[in-house]
Amino acid sequence: MADKERKSEGKYSNLIPPRANGNQSGGMWSVIEILEPTEFGANATPIMSYYLQLPKELNNVFSIDWQQKELGDSALSALFTGGKTGGGAGSDSGAVGANAMYGSGLDIVAGAGILPGVMDSLRQNAGIAKNTVNTLLFQSSNLRNFQFTWDLIPLRREDSKGYNRMIEDFRLKMHPRLESNMNFLTPYLFRVKLQVQSKIIISTLPCAMTNLTINSFGSGMPAFHDDGTAVHTVLTIELQELFPQTQQSIQKLYSDNSK
């Protein structure tokens, strides 16, 4: 069905089940929204919304990138001498015995601009080895990836048409458009929310649909209605968020509607 024809039906295509919205699904539903390619904001208005039952599995993974880094000489000295790094061999540095003497002595040498290779030789001559204590340094908030799978088993012709229209929309709008000058135009974006009563289970920022898998032999063998539509289709979509999450965005996405 062409987009112009669909617009005449209204902006929201409340698919079955449920047919109207989440209130008719026993309080559990998924909504998949299609957004304009330029609508990156969390409050973007969808051009089409499809309601479904909850998917077969729910995995909501949050990932933060922390990288392991080796502490430098001055940081190590401060760590083991209670924060004092400038004292000489006879000063009260808070360290014990030879570690204090060689630690602060090597820091003075390092401050003089001695090359790392020379530093290693000095350590060996002093009978010590560098304490390669590591720490974790925050790098970034990673982009979330999602995979959702639904069993679509239409019992009526109306249900079958609705599912086919949804799959057709996903298949079309996940791909780029081609301009006359052979440039690609950005595909449409998607946004998903899974909800049980007022509790939000999964909520996403605008996402790119990276994979769409349509298995028309969902029951393990070919079975079709008279009009050629599959009796059992397994639909899997894979999405990736366009922007990393922050405390503010997480708080907004997962705010309980009942509060």
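Figures for the structure shown
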item: Debye, to nearest 20: dipole size of region 162-231, +1 on Lys, Arg Cβ, -1 on Asp, Glu Cβ; result: 400
item: Relative exposure of T246, T204, judged by other C-beta atoms within 10 Å (fewest first); result: T246, T204
item: Additional length obtainable on full extension of the chain from E70 to N145, 0.36 nm per residue less Cα span; result: 24.0 nm
item: Estimated vicinal HN-Hα couplings, Hz - region 206-215 in sequence order (Karplus 6.51, -1.76, 1.60; Gly, Pro = x); result: x, 10, 8, 8, 8, 8, 9, 10, 10, 9
item: Per-residue Cβ neighbour rank within 10 angstrom, fewest leading, W66, W29; result: W66, W29
item: Phi to ³J(HN,Hα) by Karplus 6.51 cos²θ - 1.76 cosθ + 1.60 over region 142-157, Hz, x for Gly, Pro; result: 6, 6, 7, 10, 10, 9, 10, 10, 10, 8, 9, 10, x, 9, 10, 4
item: 20 Å reach of a label modelled at F217, 7 Å along Cα-to-Cβ, counting backbone N of region 143-177; result: 150-154
item: Region 128-171: trypsin sites (Lys or Arg not before Pro) falling in loop per DSSP and having at most 11 other Cβ within 10 Å; result: R156
item: Stretch gain in nm, segment F224-T210, where the contour uses 0.36 nm per residue and the Cα spacing is subtracted; result: 2.2 nm
item: Relative exposure of V196, V133, V31, V61, judged by other C-beta atoms within 10 Å (fewest first); result: V61, V133, V196, V31
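Every number here is computed from the coordinates shown, using simple stated rules; none is lab data. Keep in mind that this is a model prediction, so the values were computed, not measured. Here Cβ is always computed from backbone atoms with ideal geometry, including for glycine, and neighbour counts include all displayed protein chains.
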